Amino acid sequence: MVAMEVDSKSNGILQRKQSLYKSLDESFQIHKLMYRGQQYSQIYFARLHLMRTLLYSLLPNWKPHLPVCTVLGLKEGKECIIVGTLYKHMKLKPSVLDEYSKGRSATPLAESHNFVHSDDYLVLEDESGRVKLSGSLLLPSTYVTGLVVALHGKETTAGDFLVEDVLEAGLAQQIEQPLQSDEDKYVVFISGLSVGSSTSNPLQFQLLIDHITGHLGDEKDQNIASQIVQVVIAGNSVEVPSGLLNGQNLGSKDQSKLSEPIKELDILLTQIAAGIPLDIMPGPGDPANFAMPQQALHRCLFPGSSTYNTFRSCTNPHCFELDNLRFLGTSGQNIDDLGKYSEAKDKLEFMERTLRWRHLAPTAPNTLGCYPFTDRDPFFIESCPHVYFVGNQDKYETRLIKGPEGQVVRLICIPKFAETGVAVVLNTRNLECYTLSIGAQINL
């Protein structure tokens with residue numbers, strides 16, 4: 001329990017509120033890394049087996065009168081249901097050969113931010129074979145390679161499968177949300193600190209720390225600060241100058257430049273961990289493995305903050321419960337990759353799709369780096385979270401979605417703090433969400 005001084009004259013003391021925390025990162029942890037000939041087909045097989053079993057259980061309530069066929073068992077004109085993995089043939093999808101020839105091309109092959117083209121088409125594959133999908137129902141711009149779906153339709157004379165309806169896994173069941181209490185408790189989300197970059201402002205982050213730890217503001221501000229029970233830092237906490245990572249041997253001066261951003265980050269995190277439970281996740285720019293799921297940043301990087309039992313170095317994706325409220329989030333790679341290979345009106349729609357597809361990273365391992373699991377797919381969403389967050393986004397967005405079985409999920413896009421000066425605050429009592437902007441003025 002951490003005491004916070006509120007009024008030095010009256011010696012009034014506020015006690016920081018606490019919450020019961022439970023880590024659920026075990027499925028994302030890799031205890032023994034092995035790269036001995038594993039094939040990525042194995043994770044696709046595990047995904048298909050898992051998702052097909054789930055979809056089969058939904059078929060009696062969807063199309064009980066239709067037979068289920070394999071791709072090889074399709075008959076022209078006969079309506080049926082097929083279940084398999086989608087593959088999207090993309091005209092603009094980058095390849096090694098494209099990268100090689102790019103320098104020789106007069107015009108760029110594709111825009112770097114998105115590779116969707118009007119000529120893209122979908123194929124469904126199971127163990128028996130694959131068939132091209134046709135019809136206007138299943139839009140290639142919406143779906144990506146790696147999804148497992150059930151399709152109602154029939155084979156045409158051209159040999160395609162004309163899709164008449166599609167069944168996705170849908171939102172998973174959700175653990176019962178805790179009964180609402182009158183007690184406000186807050187979780188603060190921060191992402192994209194980029195300590196060491198040209199855009200990072202150490203003073204800005206210091207102001208944020210002083211605010212959430214109760215060292216700034218009047219009695220009202222400090223009372224709110226005492227209700228912050230958790231801080232989550234979602235990736236890209238440091239940025240190392242790219243010129244230093246050129247594969248050459250570094251001198252002592254350059255080596256110190258590599259370590260300075262991490263040392264500075266540790267000093268800042270120590271101030272948070274001294275008063276508030278803190279989870280830190282790796283991101284694509286952090287000193288962690290590249291492939292998903294990213295493993296926790298080594299504690300030796302944080303000699304100061306790791307001495308506190310409130311400090312937790314977590315995986316990416318990261319899953320935990322706070323007072324039986326389930327949180328699930330990533331540092332943004334899964335959603336950013338969906339944005340390259342499909343289209344949506346905003347990032348929140350991509351997030352909602354991953355929940356309804358019941359898969360955090362459907363594009364892994366096709367276009368998103370992933371460890372070659374042989375017997376499981378850790379990105380399968382077994383239980384629907386109450387809060388789903390992604391870090392390192394361009395702007396703050398949030399939405400509350402509801403499922404057919406009473407599921408309620410708060411979606412949160414956390415903006416890059418170094419660029420926006422914005423952190424996100426969630427009230428666990430009612431899932432209300434708002435921003436904490438650090439600039440010339442601090443507004444809560």
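The values are calculated or read from the model by the stated rules, or taken from the named source; none is laboratory data. Note that this is a predicted model, so its numbers are computed, not measured. Heads up, the Cβs are rebuilt from the backbone with ideal geometry, glycines too, and the neighbour counts pull from every protein chain shown.
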Exercise for review: Please work out if Cys413 is buried (at least 19 other Cβ atoms within 10 Å of the Cβ), within 27 Å of Lys93 (Cβ to Cβ) and in contact (Cβ under 8 Å) with a residue 24 or more places away in the chain.
Suggested key: yes
**Study point:** Among residues of the stretch 176-210, those that are outside any loop (DSSP other than H, G, I, E, B) and over 24 Å from Asn223 (Cβ atoms), counted
**Key:** 3
Review point. Would the stretch 121-138 turn up any residue that is touching a Pro at 6+ places or on another chain (Cβ under 8 Å), in a loop (DSSP other than H, G, I, E, B), within 22 Å of Ala344 (Cα to Cα) and small (Gly, Ala, Ser)?
Key: no
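Can you tell me which residue within the stretch 340-372, out of those that are of a type in the set (Gly, Ala, Ser) and surrounded by fewer than 21 Cβ atoms within 10 Å (Cβ to Cβ), is farthest from Leu139 (Cα to Cα)?
Gly369
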Study note, to complete from the structure: Of (1) assigned to a loop (DSSP other than H, G, I, E, B); (2) at pLDDT below 95; (3) in the same structural domain as Asn324 (by TED's automatic domain parsing), Asn249 satisfies every one except (3)
Check your understanding: Just one of the numbered conditions (1) closer than 25 Å to Gln173 by Cα; (2) touching a residue at least 60 places away in the same chain (Cβ under 8 Å); (3) under 13 Å from the mean Cα position of the chain (by Cα) is not true of Arg376; which one?
Key -> (3)
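Okay, residues lined up against (1) at positive phi; (2) crowded, with 22+ Cβ neighbours inside 10 Å; (3) part of a helix (DSSP H, G or I); (4) modelled with pLDDT of 95 or more:
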site: Leu269; (1), (2), (3), (4): no, yes, yes, yes
site: Gly275; (1), (2), (3), (4): no, yes, no, no
site: Asp279; (1), (2), (3), (4): no, yes, no, yes
site: Pro287; (1), (2), (3), (4): no, no, no, no
site: Phe290; (1), (2), (3), (4): no, no, no, no
Point to revise | Residue check, Pro404 part of a loop (DSSP other than H, G, I, E, B) and surrounded by 21 or more Cβ atoms within 10 Å (Cβ to Cβ) | key: no
Review point. Residues in the stretch 329-339 that are crowded, with 22+ Cβ neighbours inside 10 Å and either touching a strand residue (DSSP E or B) at 6+ places or on another chain (Cβ under 9 Å) or over 18 Å from Glu168 (Cβ atoms) (or both): how many?
Key: 7
